[in-house]
1. Can you tell me which of L188, L230, L260 is modelled with pLDDT of 85 or more and either open to solvent by 20 Å² or more (accessible area, probe 1.4 Å) or not in a loop (DSSP other than H, G, I, E, B) (or both)?
2. Among the residues of segment 276-285, is any modelled with pLDDT under 80 and under 26 Å from I523 (Cα atoms)?
3. Is it the case that some residue within segment 638-651 is open to solvent by less than 40 Å² (accessible area, probe 1.4 Å), closer than 30 Å to Q733 by Cα, out of contact with any His (no Cβ under 9 Å at 6 or more places or on another chain) and at pLDDT 95 or above?
4. Please give the number of the condition S709 fails out of (1) surrounded by fewer than 21 Cβ atoms within 10 Å (Cβ to Cβ); (2) in contact (Cβ under 8 Å) with a residue 40 or more places away in the chain; (3) among the polar types (S, T, N, Q).
5. Please work out which residue is modelled with the lowest pLDDT, limiting yourself to segment 86-101 and to residues that are at positive phi and in a loop (DSSP other than H, G, I, E, B).
6. Within segment 700-750, track down each residue that is more than 30 Å from E473 (Cα to Cα) and under 30 Å from the mean Cα position of the chain (by Cα).
7. Quick check on segment 23-66: of everything there that is free of Cβ contacts under 8 Å to residues at least 40 places away in the same chain and within 17 Å of V140 (Cα to Cα), which residue is least open to solvent (accessible area, probe 1.4 Å)?
8. Does segment 679-688 hold any residues that are crowded, with 18+ Cβ neighbours inside 10 Å and in a helix (DSSP H, G or I), and which are they?
Amino acid sequence: MQTRRGDDPRTTPPEPALRVIMRRLREIMAEPDSGQARLDKIVRQIAGLMVAEVCSIYIKRQDGSLELFATEGLNPEAVHNTRLKRGEGLVGRCAELGVPVNEPDAQNHPAFSYRPETGEEIYHSLLAVPIQRGGLLLGVLVVQNRTPRVYSEEDVEVLQATTMIIAEHLVSGAVAGIAVESDISRSLSAVIKAEPISDGIALGHIVLHEPRVVVTELLSENPDLELERLEAALDKLGQTLDEMLRHETLSKAGAHKDVLEAYRMFAADKGWMQRIRDGVKEGLTAEAAVERVHNLTRARMLRQNDPFWRERLRDLDDLSDRLLRILAGRTSAAKDAALPNDTILVARTMGPAELLDYDREKLRGLIIEDGSGQSHVAIVARALGIAAVAQAGSVIERVATGDSAIVDATSGEIHLRPSAEVVAAYSDKVRFLARRQRRYEALRERPAATKDGARIELNINAGLLADLPHLTESGADGIGLFRTELQFMISNTLPRLEQQTRIYRQVLDGAVGKRVVFRTLDIGSDKALPYLRHPSEDNPALGWRAIRIALDRPALLRMQTRALLAAAADRELSLMIPMVTAATEIASAKRLIHRELAIQRRRTQTPPSRLRIGAMIEVPSIIYELDALLPMVDFVSVGSNDLLQFLFAADRTNPRVAHRYDSLSVPALRAMKAVVDACTRYGVPVTLCGEMAGRPLEAMALIAIGFRSLSMAPASIGPVKTMILSLNAGRLQKQMAEWLTSATGSLREHLRRFAEGEGVELS
């Protein structure tokens, strides 16, 4: 133990360090402060008395993770925002093993987990001591210094004694939001608000998702044997992922298969596997090598300011956990547990493949603390028809395995331990939804026309061959958006001309005469191709993507156009150019397309019976150049997802701002109406393809501003058609014209009141 600066041990016998700390802490405990304020004072005192530049307290949560509750020295904004998964990092290792961790150079330890939000990268030495009471772990007390050092036995003893007082403080119930105070609260009914990410209602019982395997042995005695274990585990990993993608359910689900193919491609990354092998050759156990590579890769990904890498980070966590489970001889977190027949899964975060590990016959609902409707696990949940919600703050602290729960993914409510009356009400609601679904099926062949005779074209969005059955099942008029980039994303190499031609021909054959609008490659931003070198960008959503790549690398667009022209021989071909920012870009793209058409004719190949070229309106600047653009195109499609993201400068994948601005606000509707009005003047057909087209209230507003063609997820066709059949479009258009002239802010409540008064069905 070091003496404090300014002390002179030759003249003043120092008071024993432990006694000083105990006295100071008991003084803090006696002060009339809140529990959080006391923790803040405790870390300041310990840092000063231990001559430590950092002192932090992590508290164990219900799912075994650790949350930073107080710190002196780290970034204050990291408090309550930094969480370590069970067993993650040196702090998680201390908690899981229940022993002190004393590391002079923590950053080079295989188990170190980098968290950029804390600012701890400048500190080297670390001493972590578990906070325990009655044999139960409550958290971890940590001190850190910039200079590499091994803390003395006395330092360890002092911190161990200090944790006793901290433990008493925690179990007193003075600090809100920790697991030790939740026994009583977990016996009471509660309602938590969350964000719906997959529609539906689920009644069932809670199962906590705990995927992590804790690595205890770091150094190997037989590297050759460890390498054999690793190779066998990597082979098993590939086999399990292949089996998952061959599953009968997946072949029918379709819309999410691209996510899983991208995940499998991530798992097959040779660089990732080689780095793990190198770690084993250096003397680490297979598990420790996986852990080290995971932490190092995670650190690099966290430094990327790119939503693509944020989603890949979840895939990396899932993949590493899966490989660790195989090495430990466990099948999966899901298969190790006995699931009730009405499982409602609760997780802090989750990757798409993890969800598929669970028995879909038993899985009813999903609750995630983090994440958003754009996350990969949300896409899989929607494809599997699982009611799911995200952004369910602190739900893990308020539940235990076996608790009854209801997930209402229509309103975004979670009912924990609901009363018999609430259960009965929701049981009735579930039966009603089943009847409503049967009614949607009965409407499949009925045209979507309003009460006053306005015909609305309803199309589906697709991207894979597996999506084509939805065209008939939903009763849609056609495919308003076929995302061609998905085929490129799931391939390890650039698809050859013949391969592309075969796929596009199968799409047109599967559409059985209905119109298909092919969007040319929309890559870049969060859609990276592993075989295409892409520059690092500070803001990739506004960077080199879509038509910008196509015009800079014209060979990509030319080869894709050649394949599409060949596939559409003697049939209509509709091509849509994404991310158009200026009319000159469309002019350049059309020259490339017509050049390929001329080559096809010179080769006496059968051309399409008709070629339609359109533009996606998703960049606000093009709205002010419609007079130049519209005479050059045969149709346009409004991409509402990106258009509104750019209009409001709000990242739609960021849960903090995604819902800050309403798609039904006056500015958003005015912008989209300007596009409709211009298209009407020039006689150019216009469609809206985006998430808002698939929500009945939003679709109602789009019809009111003049849209007569919408494209959406297949599951949304039934609800939107039901709304259309009960709507008088003329009345709503008159009302909308008044609102857009006189109202401000969101028109959501105005539209709801109109629907109620007119008897428009929105659910």
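1. L230
2. No, segment 276-285 contains no residue that is modelled with pLDDT under 80 and under 26 Å from I523 (Cα atoms).
3. The answer is yes, given that some residue of segment 638-651 is open to solvent by less than 40 Å² (accessible area, probe 1.4 Å), closer than 30 Å to Q733 by Cα, out of contact with any His (no Cβ under 9 Å at 6 or more places or on another chain) and at pLDDT 95 or above.
4. S709 satisfies every listed condition except (1).
5. Ranking the candidates gives G98 first.
6. G745, S746, L747, R748, E749, listed by residue number.
7. The residue in question is V43.
8. C679
The values are calculated or read from the model by the stated rules, or taken from the named source; none is laboratory data. Values in this document were obtained by computation on a predicted structure and should not be read as measured data. So basically every Cβ, Gly included, is an ideal-geometry build from the backbone, and we count neighbours across all protein chains shown. These accessible areas exclude ligands, DNA and RNA; they are computed on the full protein's heavy atoms, side chains included. Shrake-Rupley method; radii C 1.70, N 1.55, O 1.52, S 1.80 Å.
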